[in-house]
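All remarks here apply to the structure that follows.
The values are calculated or read from the model by the stated rules, or taken from the named source; none is laboratory data. What you are looking at is a predicted structure, and each value in this text was computed from that prediction instead of being measured. Here the Cβ positions follow ideal geometry from the backbone for every residue, glycine too, while neighbour counts run over all protein chains shown.
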Amino acid sequence: MSERSEEATAAERAAATYRHARREAVLIMLVWAVALIYTVAYCAHYGYQDGSGPLQMVWGVPRWVFWGIVAPWVAAVIFTIWFCFGFMADDDLGADQETHIAHGEGRLDAR
């Protein structure tokens with residue numbers, strides 16, 4: 001393989017790794033923003049009531065805490081498990097620099 005084609009292959013790998021990382025970061029930020037907006041809006045609407053009626057409970061916690069904090073938290077954990085094991089790409093980043101040093105192919109502080 002020529003040096004030019006090796007450089008092109010390395011550039012294509014780097015571009016694919018960048019695309020995967022960018023796609024993953026955008027998805028995480030979108031899910032985070034949706035969770036933030038939902039949590040703040042739900043808790044602001046249902047958490048600040050006049051207190052004239054009885055406090056509704058779900059599993060021993062106020063209803064607004066359960067649906068405004070606990071439920072989004074559980075949803076975030078489920079999303080994280082799916083994201084890590086089903087969506088996130090495992091890109092090859094090449095050989096570690098320490099591997100090359102161990103085999104006498106260079107120095108760690110080479111500039």
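Annotations for the structure displayed:
- Residue in the stretch 98-111 that is modelled with pLDDT under 90, assigned to a helix (DSSP H, G or I) and either under 19 Å from the mean Cα position of the chain (by Cα) or under 24 Å from residue 45 (Cβ atoms) (or both) present: no
- Here residue 14 clears all of (1) at pLDDT below 80; (2) on the phi > 0 side of the Ramachandran plot except the condition numbered (2).
- Pairs with Cβ under 9 Å, 6+ apart, first in the stretch 69-81 and in contact (Cβ under 8 Å) with a residue 12 or more places away in the chain, second of a type in the set (Gly, Ala, Ser) and surrounded by 14 or more Cβ atoms within 10 Å (Cβ to Cβ): 72/35; 75/35; 76/35; 79/35
To keep it simple, each residue is scored yes or no on (1) closer than 23 Å to residue 86 by Cβ; (2) at pLDDT 90 or above; (3) surrounded by 14 or more Cβ atoms within 10 Å (Cβ to Cβ); (4) of a type in the set (Phe, Trp, Tyr).
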| residue | (1), (2), (3), (4) |
| --- | --- |
| 20 | yes, no, yes, no |
| 40 | no, yes, no, no |
| 51 | no, no, no, no |
| 55 | no, no, no, no |
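- Meets criteria (under 14 Å from the mean Cα position of the chain (by Cα), at pLDDT 85 or above and surrounded by 13 or more Cβ atoms within 10 Å (Cβ to Cβ)) for residue 35: yes
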